[in-house]
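Just so you know, all these numbers are worked out from the coordinates, no wet-lab data involved. Quantities reported herein were computed from a predicted structural model and do not represent experimental measurements. Don't worry about glycine lacking a Cβ; one is built from the backbone with ideal geometry, like all the others, and counts go over all protein chains shown.
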Amino acid sequence: MSNARLAELTQKLTESTTAVRQAYTSLLLAIVEMLSAGIAHEAGYSRLSMLIADTARITPRHAARLIKHAEAIAEMMTPTGHVTPARLPMLREALLDGVLDIEQVDVILRVMNKIPTWARNDTAEIAEKHLVNLAREAPTSVIAKHGEALLARIDQDGNQPQDQCHLLKLLLGALAGFRRVRILGLSVVGSFGEFVSNCRRLTTRG
């Protein structure tokens, strides 16, 4: 196969993958609108997942999975006209950019949902930023490993840290071994470096 033909097919694959990811984001945004409108009962369904399952010809389990993804990025309008920010705004931004797929979102949500309730807000924000930036360049397997390392260090003894800065120091230590990752020739150093900088800034407060 010639180099030109290889480049052509690779470009087609990239464009098709991007189109699939953009369509997935459009699907989630449509579900966000359904959540906001509360149309399930009006359509005669007890749960929105059943309506989506019937309409899209998918299983209720898959429909429920999509709803969880949509809820994480939903910006809701209050009766007073105020827009409530998404629970995971950086994940929402990456999805709108068309760079994430359903498996990557699954992994990120799994990690974010397991961050202990006693963790500082900064912890969740830093973890989300790191995982989302990583997902823009790396496959699901790498994101999962980083997530496992984060969770293991956050809750390494099952007890809430007494020192508020201790948690973020643990996060920094968790990623000390990920100084350089090569994925298909792409370096993920940038996102890691930014994450480390944030950790150092936060752990030196006060």
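The overall shape of the stretch 1-86 is oblate: from the C-alpha gyration tensor, with semi-axes ordered a ≥ b ≥ c, the ratio a/c is 1.5 or greater and a/b is no larger than b/c.
Stretched out straight at 0.36 nm per residue, the stretch from VAL83 to LEU96 would grow longer than its current Cα-Cα span by 2.9 nm. When only the Cβ of Lys, Arg, Asp and Glu is charged (+1, +1, -1, -1), the dipole of the stretch 1-89 relative to its Cα centre reaches about 340 debye.
Annotation: amide H-H contacts under 5 Å for MET76 (H modelled 1.01 Å from N, sequence separation of 5 or more, or interchain): THR84.
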